[in-house]
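Structure first, commentary second.
The values are calculated or read from the model by the stated rules, or taken from the named source; none is laboratory data. This is a predicted model, so every value here is computed, not measured. In this analysis, Cβ positions are derived from the backbone assuming ideal geometry, glycine residues included, and neighbour counts consider all displayed protein chains.
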Amino acid sequence: MIPLLASKLILKCLERENVEFVFGYPGGALLPLYEAFRTSPIKHILVRNEQTAPHYASGYARESGRVGVCLATSGPGATNLVTGIATAYLDSIPIVAITGQVDRALIGTDAFQEADITGATAPFTKHSYLVQNAADIPRIIREAFHIASTGRPGPVLIDIPRDVQLENVKTGLTYDKVDIMGYKPNLNGHSGQIKRAIKKIKEAEKPVIYAGGGVVLGNAQTELLAFAEKNNIPVITSLMGIGAFPEDHPLYCGIVGSHGYKYSNVVMNGADLIINIGARMSNRATSHLTKFEKDTDFVHIDIDPAEIGKNMETSIPIVGDAKTVLSELIQKDTIKDHAAWLAEIETIRINNPLVYDADPPCSDLINPKVLFKDMSEMTANNTTVVGDVGLNQIWSALYYRIIKDRRYYTSGGLGTMGYSIPAACGAAFATLDKPKEIFIVCGDGSFQMSMGELGVIAEHQLNVNIILITNTKLGMVRQLQFDNYGKGHYSGTDINFDIDFMKLAEAYGIKSYKVDKNADFNKVLPEVIKHQGPTLIQCQVHPDFIRI
Amino acid sequence: MEKKTCLSLLVENNFGVLSRISGLFARRGYNIDSLTVGTTENAELSRITITVTGDDQILTQIKKQLNKLIDVITVIELKPDDSIIRELVFIKVKADDTTRSQIVEIANMFRANIVDVSRESLVIEITGTRYKIEGFFEMVEPYGILEFVRSGDTGLQRGGRILSH
């Protein structure tokens, strides 16, 4: 076999994994790999800061259902990936991060641009590799993609010293069957547990399905719909579970949690059986669930055994993949109409309505709740909305309706500001061949965390539309300051310089609009949708509009 | 209720495996009482014995979190009833002409070995269960313990069962 340069072998291995795009930023320790990129069919997308690269990979992965890949050089390049890798870990998004490393002989000497990135990321990678031998590359890359995308998905990091990239290897692509002794994810639910779950479901008078990110990641929406409809069980989702169940369905019961709908929390509190599918019951989701009946039963279906019983005592654990387990549950005969319970829920819903109204002076400017409600009516059924972190996230999550093939992505677990722009770009790259409507929703705070990426949007003329909600405040923290310390107790939450975002967009050649009335937004939106290429709509919201 | 538990792990001898395991304990706030590592009959695998203190919920989480690590092949709990768990301890005790023979006598009763003698001290090697070692400490304490070092628990299941199966 003709020896192959390891840097070329790396890209050949990525090709074998069907990688189309690598989101990266070059540097000294990656010179050999970037030289190999020149002749590779894999497209390298130059991000503007390594911090955003994992978010691109994340958005790409969520939109395409495939593994996203990001790349950064050793030292500061690698450490810049850390927050994005942690973001993907907390949301279980399959990405592979590749980092350059200093030469093997220099490791441990505090060499220029050396950082222990496998050590730094150990707490929030599913697994990581430091490649010490170029011959291991085909096995490591195959394993990394396998680990990232199977079981509970998550980020895997591969750290490759510069001199390893320069080795000549004869192994070729011979390695293809993955066999990792300590990694055999279990997809099928235990049949005995499934029987016990069915029994509980049959007995329950007030059952609720609590659907989390696992349903979305496991592509189990169809099965969930069939299961819920067959048994007339209402469905509540977590923030990560948005998109697990159509929001226009009569059995849909909203989003739970401290930032969820009030009625959803009331419904969940009243249930006698909670069927948790792929949600980890984090503190943010359960903090408003204080009044569980003593005899509330929990069936917890999760692909990760460690999630079961971690945050909530479980009556019946089922370890398995959401799609597989739901398919088995559908087979069983558990039909009940739950008419009384559904009627009770209807009363709860009527007694805890969504409140859209605002008083002056807030009502003088854009009402963001109405904005997303209107947007729900005016956008296509396959729209992707990427929410950032903050009030913008909660408004878009609660008031933009995810129906049909719409999708909603956000950094739900880690709450990473600056996620929306790069993640939406990643989703746009995943749909280049069949462009769709992709909306970025961010505030003036989160926008400024990733605004360098406007360069990528402009360079590639990505079809993304930025809904920039401006109130010259860091709204959510300000809301927390108000709630915890009282009116006027604001600290560090003013963005005092009022940026001319129109000029900024103009500098990048991005078509932009500024609106301060909902009616004007509704006039602009169809234009934005029609426009091929990137746009930005700045929406002025009053600083005191802090209600969600 | 908190209790001590002894876990036995079979792991792949990969780069960073020990730091992954100890890091897991640190970041999730679990306490390690002791940890020992060594080679096995298979050069690609290592065996780790960890003693931890925690309630049932924490111990279950620890086992699950350890199992999640890709390098970890098996995790079992060594139950006192059907396992052998021992620790090796070296203890340096103050000993002069008047006390030396008494200490040697105590060591003999515990089947401990004297491995070093000087004018002012003895070094005693003792192997045994936690209870035996505690008992020994109690007996030599009045003579003055200068320093000691403990290997941490290590153990095997009784009978024909093998961890790699």
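Values as computed for the structure displayed
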{"read-out": "Selection status of A:Ala204, more than 25 Å from B:Thr74 (Cβ to Cβ) and in contact with a Leu (Cβ under 7 Å, 6 or more places away or on another chain)", "value": "yes"}
{"read-out": "The one condition in (1) over 25 Å from A:Glu35 (Cα atoms); (2) surrounded by fewer than 19 Cβ atoms within 10 Å (Cβ to Cβ); (3) within 14 Å of another protein chain (Cβ to nearest Cβ); (4) over 20 Å from the mean Cα position of the chain (by Cα) that A:Tyr183 fails to fulfil", "value": "(2)"}
{"read-out": "Selection count where residues are away from chain A (no Cβ under 14 Å) and surrounded by fewer than 18 Cβ atoms within 10 Å (Cβ to Cβ), scope region B:60-82", "value": "5"}
{"read-out": "Breaking point among (1) away from chain B (no Cβ under 11 Å); (2) modelled with pLDDT of 95 or more; (3) touching a Ser or Thr at 6+ places or on another chain (Cβ under 9 Å); (4) assigned to a helix (DSSP H, G or I), for A:Pro153", "value": "(4)"}
{"read-out": "Test: residue in region B:66-73 that is under 30 Å from A:Glu143 (Cα atoms), modelled with pLDDT of 95 or more and out of contact with any helix residue (DSSP H, G or I) (no Cβ under 9 Å at 6 or more places or on another chain)", "value": "yes"}
{"read-out": "Some residue of region A:482-493 being of a type in the set (Asp, Glu), closer than 26 Å to A:Gly260 by Cα and touching a residue at least 40 places away in the same chain (Cβ under 8 Å)", "value": "no"}
{"read-out": "Subset tally (residues that are more than 20 Å from the chain's Cα centre (by Cα) and within 13 Å of another protein chain (Cβ to nearest Cβ)) for region A:105-143", "value": "18"}
{"read-out": "Region A:403-431, residues that are among the small types (Gly, Ala, Ser) and part of a loop (DSSP other than H, G, I, E, B)", "value": "A:Ser411, A:Gly412, A:Gly413, A:Gly415, A:Gly418"}
{"read-out": "Positions within region A:533-548 being under 14 Å from A:Lys473 (Cβ atoms) and of a type in the set (S, T, N, Q), in sequence order", "value": "A:Gln540"}
{"read-out": "Unmet criterion (only one of (1) among the aliphatic types (A, V, I, L, M); (2) under 29 Å from B:Phe148 (Cβ atoms); (3) surrounded by 17 or more Cβ atoms within 10 Å (Cβ to Cβ)) for B:Leu88", "value": "(3)"}
{"read-out": "Among (1) over 17 Å from A:Met181 (Cβ atoms); (2) facing chain A (nearest Cβ under 10 Å); (3) modelled with pLDDT of 95 or more - the single one B:Val89 does not satisfy", "value": "(2)"}
{"read-out": "Out of A:Pro317, A:Pro360, A:Pro353, sole residue that is surrounded by 19 or more Cβ atoms within 10 Å (Cβ to Cβ) and not aliphatic (A, V, I, L, M)", "value": "A:Pro317"}
{"read-out": "Where a residue in region B:8-19 is modelled with pLDDT of 95 or more and its partner, wherever it lies, is of a type in the set (Ser, Thr, Tyr) and part of a loop (DSSP other than H, G, I, E, B), with Cβ under 9 Å and at least six apart", "value": "B:Leu10/B:Thr40; B:Leu10/B:Ser164"}
{"read-out": "Condition met for A:Val389 (at pLDDT 95 or above and within 12 Å of the chain's Cα centre (by Cα))", "value": "yes"}
{"read-out": "Residues (of a type in the set (Asp, Glu), in a loop (DSSP other than H, G, I, E, B) and facing chain A (nearest Cβ under 10 Å)) located in region B:1-52", "value": "B:Glu44"}
{"read-out": "Selection status of B:Val140, in contact (Cβ under 8 Å) with a residue 60 or more places away in the chain and in contact with a strand residue (DSSP E or B) (Cβ under 7 Å, 6 or more places away or on another chain)", "value": "no"}
{"read-out": "Output for region B:14-44, where each listed residue is surrounded by fewer than 14 Cβ atoms within 10 Å (Cβ to Cβ) and over 17 Å from the mean Cα position of the chain (by Cα)", "value": "B:Ala26, B:Arg27, B:Arg28, B:Gly29, B:Glu41, B:Asn42, B:Ala43, B:Glu44"}
{"read-out": "Selection status of A:Ile147, within 14 Å of chain B (Cβ to nearest Cβ), surrounded by 17 or more Cβ atoms within 10 Å (Cβ to Cβ), more than 30 Å from A:Ala271 (Cβ to Cβ) and of a type outside the set (D, E, K, R)", "value": "yes"}
{"read-out": "Enumerated helices (runs of 4 or more DSSP H) restricted to region A:29-139, each holding at least 2 residues that are surrounded by 24 or more Cβ atoms within 10 Å (Cβ to Cβ)", "value": "A:53-64, A:76-80, A:82-90"}
{"read-out": "Any hit, region A:212-222, residues being closer than 19 Å to A:Ala397 by Cα, in contact (Cβ under 8 Å) with a residue 24 or more places away in the chain and assigned to a loop (DSSP other than H, G, I, E, B)", "value": "yes"}
{"read-out": "Given (1) buried (at least 24 other Cβ atoms within 10 Å of the Cβ); (2) under 22 Å from A:His146 (Cβ atoms); (3) within 29 Å of the chain's Cα centre (by Cα), number of the condition A:Ala6 does not satisfy", "value": "(3)"}
{"read-out": "Pairs, first over 23 Å from B:Arg150 (Cα atoms) and part of a loop (DSSP other than H, G, I, E, B) in region B:91-119, second at pLDDT 95 or above and of a type in the set (Phe, Trp, Tyr), C-beta under 8 Å, six or more apart", "value": "B:Thr99/B:Tyr143"}
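Listed here are the residues, each with its yes/no results for (1) assigned by TED's automatic domain parsing to the domain that holds B:Val37; (2) among the hydrophobic types (A, V, I, L, M, F, W, C).
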{"residue": "B:Ile70", "(1), (2)": "yes, yes"}
{"residue": "B:Phe90", "(1), (2)": "no, yes"}
{"residue": "B:Ser101", "(1), (2)": "no, no"}
{"residue": "B:Met109", "(1), (2)": "no, yes"}
{"residue": "B:Arg119", "(1), (2)": "no, no"}
{"residue": "B:Val123", "(1), (2)": "no, yes"}
{"residue": "B:Gly135", "(1), (2)": "no, no"}
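One line per residue, one yes/no per condition, for (1) polar (S, T, N, Q); (2) touching a Gly at 6+ places or on another chain (Cβ under 9 Å); (3) at pLDDT 90 or above:
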{"position": "A:Val266", "(1), (2), (3)": "no, no, yes"}
{"position": "A:Ala279", "(1), (2), (3)": "no, yes, yes"}
{"position": "A:Ile303", "(1), (2), (3)": "no, yes, yes"}
{"position": "A:Gly309", "(1), (2), (3)": "no, no, no"}
{"position": "A:Glu313", "(1), (2), (3)": "no, no, no"}
